[in-house]
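Heads up: the structure comes next, in structure tokens.
The values are calculated or read from the model by the stated rules, or taken from the named source; none is laboratory data. Every value quoted in this text rests on a predicted model; they were computed, and no experiment measured them. Positions of Cβ are generated from backbone atoms using ideal geometry, with glycine treated the same way; all protein chains shown enter the neighbour counts. Side chains are part of the model used for accessible areas, which takes the heavy atoms of the whole protein and leaves out ligands, DNA and RNA. Shrake-Rupley method; radii C 1.70, N 1.55, O 1.52, S 1.80 Å.
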Amino acid sequence: MTWHIIGSSSYIASRLMPVIPAGETVIRYARQPNADERKLDLTVFCESDLEKIRSGDFVVLLAAISSPDFCRDHEAEAYAINVTGTENFIRACLSRGARVLFFSSDVVVGATETVHDETMPVSPVGNYGSMKRAVERAFAGDPRFKVFRLSYVFSRQDKFLRYLASCVEKGETADVFQALYRNVVYLGDVLSAVIALGKSFDCWENSIFHLSGPELLCRADMAMCYQKISMSELSYTVSIPDARFFEARPNVIETRSLYLQDLLGHPATALEKAMQIEFSNTKES
Ligand SMILES: NC(=O)c1ccc[n+]([C@@H]2O[C@H](COP(=O)([O-])OP(=O)(O)OC[C@H]3O[C@@H](n4cnc5c(N)ncnc54)[C@H](OP(=O)(O)O)[C@@H]3O)[C@@H](O)[C@H]2O)c1
């Protein structure tokens, strides 16, 4: 099977590439390609950019404007990429007979008061959430289209961990939110889920998978765990963001999955265990 990784410079794609099983053909696409990549801009692609995508191939679509603040402040530009360009691209892949995995977000679910699984109604928050939901809906019911709705994806290289590490390096006190409660999911589980879906795509009747970790955690919980496991000299204060911050993202999104454990073949990894895995390798990768 041929894998097409769209958005190969993204945080998730950079860790996905090394774990795709040996023997698979992998073609990577980027807006500004290097020598090993093909060029693909979601807003201006043409048929020849897609010539390698064939029937039965697996397209992993990671490219997007992933910042909720950018989607709020530059709506038209973000819409052109996250909705118009993304839908045109998915439609072209499906018409070529390929199978598509689209990366959505738990922001589609919206603010929750109780835990939400994949079968429950959604209420997207902010432009970013509405854009992701628009794409989910556009291809709902097509058996060659599946969706991973990601919670916050933890790894040593995620934005928040990089912020904490930079504070330690500079000797600064980190400002950490007692907010943004999410079922934080380990990047290792996200990668395993992509690999597993590549092998079992047609076996799943559901189209949406929540990629949710087992615990509802805020950023302060993550900082505490980082301090404990990384053994670093992190010092931090805890604050609550202002109301404008929550216009683009709800404070609490509690999700679980009816399918993820079966897809992975094991329960999703808890944060402390994930942190231990990430820091067991002392070298930053
Ligand atoms: N990381 C998370 O915690 C999380 C949570 C929920 C959902 N997601 C979703 O998962 C996916 C991957 O997330 P990520 O954090 O790995 O993303 P990321 O690091 O922000 O990378 C986004 C990628 O999209 C590319 N891109 C942007 N506009 C493009 C365009 N017009 N044409 C082609 N490529 C374009 C970027 O390329 P350039 O380098 O050229 O800008 C970059 O490679 C995204 O769809 C995101 O919304 C992520």
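Looking for whichever is within 22 Å of Ile195 (Cα to Cα) and out of contact with any strand residue (DSSP E or B) (no Cβ under 6 Å at 6 or more places or on another chain) here; the options are Ser67, Ser55. Which one fits? Selected residue: Ser55, the only one of Ser67, Ser55 that is within 22 Å of Ile195 (Cα to Cα) and out of contact with any strand residue (DSSP E or B) (no Cβ under 6 Å at 6 or more places or on another chain).
Considering region 228-243, and only residues there that are closer than 13 Å to Thr173 by Cα and of a type outside the set (A, V, I, L, M, F, W, C), the residue that is surrounded by the most Cβ atoms within 10 Å (Cβ to Cβ) turns out to be Tyr236. Scanning region 140-156 for residues that are open to solvent by 20 Å² or more (accessible area, probe 1.4 Å) and either at pLDDT below 95 or more than 10 Å from the ligand (Cβ to nearest atom) (or both) yields Ala140, Gly141, Asp142, Pro143, Arg144, Arg156. Taking strands (runs of 3 or more DSSP E) as the structural unit, no element lying wholly within region 1-104 holds at least 2 residues that are away from the ligand (no atom under 11 Å from the Cβ) and either without any contact (Cβ under 8 Å) to a residue 24 or more places away in the chain or loosely packed, with under 14 Cβ neighbours inside 10 Å (or both).
Would region 241-248 turn up any residue that is of a type in the set (D, E, K, R), part of a helix (DSSP H, G or I) and free of Cβ contacts under 8 Å to residues at least 60 places away in the same chain? Checked against the condition, which is being of a type in the set (D, E, K, R), part of a helix (DSSP H, G or I) and free of Cβ contacts under 8 Å to residues at least 60 places away in the same chain, region 241-248 yields at least one hit. Among the listed residues Cys218, Cys225, identify the single one that is open to solvent by 10 Å² or more (accessible area, probe 1.4 Å) and either at pLDDT 95 or above or basic (Lys, Arg) (or both). None of the others qualify; the one that does is Cys225.
Residues in region 121-132: is at least one near the ligand (Cβ under 10 Å from one of its atoms) and open to solvent by 10 Å² or more (accessible area, probe 1.4 Å)? Yes: one or more hits.
Taking (1) without any contact (Cβ under 8 Å) to a residue 60 or more places away in the chain; (2) over 23 Å from Met222 (Cα atoms) in turn, Glu136 satisfies each apart from (1). Here Ser123 does not qualify as assigned to a helix (DSSP H, G or I) and polar (S, T, N, Q).
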